[in-house]
Amino acid sequence: MTTIASILILTLVYLLIEVVLRKKQHMTVSPISRREAIKGRHLPFLILEAFLLLVYLFTSIYFYKWISPNPLIPVFLIVLFLFCIYIIRGMEEYFFKKEDKEYVHSFLGASFFLMTFLIMFITHP
């Protein structure tokens, strides 16, 4: 129960910081379609994200079927996968769109997933 409470508190803190940062930088979140999300992205980063998705799928199947049928293994893997995706997107935004300051939000999201992983790892029996 403490793990769930810790992650919920961490999620609320993350959302609060995200809203405060967006208001401070006068940014709005606009709904985008899938095509617009890929358009304008750099190919090496898209390839890296696709590769990470494949690695995530294979490792989650491998760990769940052959190593341990523990239901928390896929949860650990998805949190690590999302951490890596946010780091990659933050690096892309930092290198190519530095003036937008959107990379701050990606790195904040990555730190959120890292802290979530650490909380789950520490409190796992």
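The values are calculated or read from the model by the stated rules, or taken from the named source; none is laboratory data. This structure is a prediction, so every number in the text was calculated from the model and none was measured. Positions of Cβ are generated from backbone atoms using ideal geometry, with glycine treated the same way; all protein chains shown enter the neighbour counts. Surface accessibility is based on the protein's heavy atoms, side chains included, excluding ligands, DNA and RNA. Shrake-Rupley method; radii C 1.70, N 1.55, O 1.52, S 1.80 Å.
Bridging of LYS98 to lysines at a Cα separation below 30 Å is possible for LYS23, LYS24, LYS39, once same-chain residues fewer than 8 apart are set aside.
Go ahead and run the numbers for FRET between LYS101 and HIS42, Cβ-Cβ distance against an R0 of 22 Å, rounding to 0.05. So the FRET efficiency works out to roughly 0.75.
Surface calculation, 1.4 Å probe, protein heavy atoms: PHE121 sits at approximately 130 Å² accessible.
Applying Stokes-Einstein at 4 °C and 1.567 mPa s to the Kirkwood radius of region 49-125, computed over alpha-carbon pairs, gives a translational diffusion coefficient of 96 µm² s⁻¹.
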